[in-house]
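J.: My questions will all concern the structure given below.
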Amino acid sequence: MDFTTVEKNLKERGFAVRTFATREEAAAYLNQSIDGHTVGFGGSVTLDSMGLYESLGQHNTVCWHWKQTDAAAARAAAATADVYLTSVNGIAETGEILNIDGAGNRVAAMLFGHKKVYIVAGRNKLSPTYDEALWRARNIAAPKNAQRLKCKTPCAVKGDRCYDCKSPNRICRGLVVLWGAMLGAETEVLLIDEDLGY
């Protein structure tokens, strides 16, 4: 895939950008770049598929509520880590980055409190425009995540789209759009030429 347009637009918005052909190349880069730090993870099928919790854990202190028994403590530790890793639900080729969250830990951590934030995304997360990236986040990523979590929501049951439900199991509770890199922290976007996560 040609990442030229999205890379240019992300850089104009203040993001550092690197592109990789495979998840293995991206994981090797992260393992080389992050050493001797506390590292927080946002919930992410993409990061899980890359084996980063295990590999980074060999030479960093890692905090991930998916992997540790005390999820609340892991979320709190991740929120104050030196480095934060997350994926996203959509990236517009025009440079906007979108994430939907249920508990808020992932979207909050993207915004503040870390020396560096890495956003890792496969090519399937890209859409031509902001509106299409938002549609993707709501109607592709959210239903698949709701199914993965075995939620009893219309999107999980039918698996076809967002119903903007009022279910107590709803996982779409907050939307964050990065129009640019946040002040005070370096944010690097890693684009991988594979379909990863939802």
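J.: Highest first, please rank the peptides 188-195, 23-30 by the mean number of other Cβ atoms sitting within 10 Å of their residues.
T.: 188-195, 23-30
J.: So what is the relative contact order for the range 1-102, in percent, with contacts set as C-alpha pairs under 8 Å and at least six apart?
T.: 31 percent
J.: Related question: In debye to the nearest 20, how big a dipole does the chain give about its Cα centre with +1 on each Lys and Arg Cβ and -1 on each Asp and Glu Cβ?
T.: It works out to roughly 880 debye.
J.: For the chain, what is the relative contact order in percent, using Cα pairs closer than 8 Å and at least 6 residues apart in sequence?
T.: That works out to 29 percent.
J.: Here is a further query. If the chain between residue 29 and residue 66 were fully stretched, how many nm would it gain, using 0.36 nm times the residue separation less the Cα-Cα distance?
T.: Here the answer is 11.0 nm.
J.: What pairs from 116/144; 11/115; 11/125 go past 21 Å between their alpha carbons?
T.: Checking Cα-Cα distances, 116/144 exceed 21 Å.
J.: Going by how many other beta carbons lie within 10 Å of each one, how would you line up 140, 119, fewest first?
T.: With the sparsest Cβ surroundings first, the list reads 140, 119.
J.: Also, I was wondering about something else. Near residue 104, within a Cβ-to-Cβ distance under 14 Å, what is the net charge of the other residues, with Lys and Arg +1 and Asp and Glu -1?
T.: +3
J.: Here is a follow-up. Given a Förster distance of 41 Å, report the FRET efficiency between residue 166 and residue 194 from their Cβ-Cβ distance, rounded to the nearest 0.05. Please report the intermediate quantities before stating the final value.
T.: Working: r = 36 Å, r/R0 = 0.88.
About 0.70, to the nearest 0.05.
J.: Given the rule -39500 (n - 2.57) for each run of at least 4 DSSP H residues, summed and divided by the residues of the chain, what is its mean residue ellipticity at 222 nm, to the nearest 500 deg cm²/dmol?
T.: So the helix-based figure for the chain works out to -8500 deg cm²/dmol.
J.: Follow-up question, since we're still on this one. Please list the non-local residues whose amide H lies under 5 Å from the amide H of residue 62, H modeled 1.01 Å from N, same-chain partners needing a gap of 5 or more.
T.: Under 5 Å from the amide H of residue 62 lie the amide H atoms of 39, each far enough along the sequence or on another chain.
J.: I would also like to ask the following. Restricting attention to the alpha-carbon atoms of the chain, what are Rg (one decimal) and Dmax (integer), both in Å?
T.: Calculated on Cα positions, Rg and Dmax stand at 15.8, 44 Å.
A short reminder: the numbers here are calculations on the coordinates, not readings from a lab. Only a predicted model underlies this, so the values are computations on that prediction, with no experimental measurement involved. Because the Cβ atoms are built from the backbone with ideal geometry, glycine has one as well, and the counts that use them run over all protein chains shown.
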